[in-house]
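Remarks on the structure that follows.
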Amino acid sequence: MSEKHDILEETQHIISPDESMGPIFLRNVFVGIFLMLVIVFPKIFINTQIYFKSREISTLTHEHDSLMEENRLIKAKVELMKYKSQISDTLF
C-alpha cells in the first residue's frame, strides 16, 4: 500500500497542479493583452482616420461636381442674356 501511496504523491502534481493560474500566469496574460493592444490599436486608428477622410473627400467631390454644373448653367444664362441684350440694342 505504501508504494501506491508514494506513486500517487509523486504523480499528484502532474495530474492536478495546485497553481494553474498563479501570479506569473496572470502577469503573462496581461503582458500579452497589452502587446496585442499596442500592435492592433494603431491599425484600427489609422483605418478609422482613412475612412473618415475618404468620406470627407467624397462629400467635397460631390459638392464640387454640383457647383461646376451650376457654374455651367449660370454661364449659359449669362451668354443668353448677353445675346438678348446685343440683339435688342441693335433693334432699337
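The values are calculated or read from the model by the stated rules, or taken from the named source; none is laboratory data. Owing to the predicted nature of the structure, the values given are computational and were not obtained by experimental measurement. Heads up: the accessible areas ignore ligands, DNA and RNA and are worked out on the full protein's heavy atoms, side chains in. Shrake-Rupley method; radii C 1.70, N 1.55, O 1.52, S 1.80 Å.
Some notes on this structure:
- Straight Cα distances below 18 angstrom link Lys75 to the lysines Lys84, with same-chain residues fewer than 8 positions distant left out.
- For the chain, the solvent-accessible area with a 1.4 angstrom probe is 99 square angstrom per residue.
- Principal axis analysis of the Cα atoms in the chain yields extents of 133, 19, 10 Å, listed in decreasing size.
- Based on DSSP H segments of at least four residues, each scored -39500 (n - 2.57), the chain has a per-residue ellipticity at 222 nm of -33500 deg cm²/dmol.
- Solvent-accessible area of the chain (1.4 angstrom probe, protein heavy atoms only): carbon and sulfur portion equals 69 percent.
- Sequence-distant lysines (8 or more away, or on other chains) whose Cα lies within less than 22 Å of Lys43: Lys53
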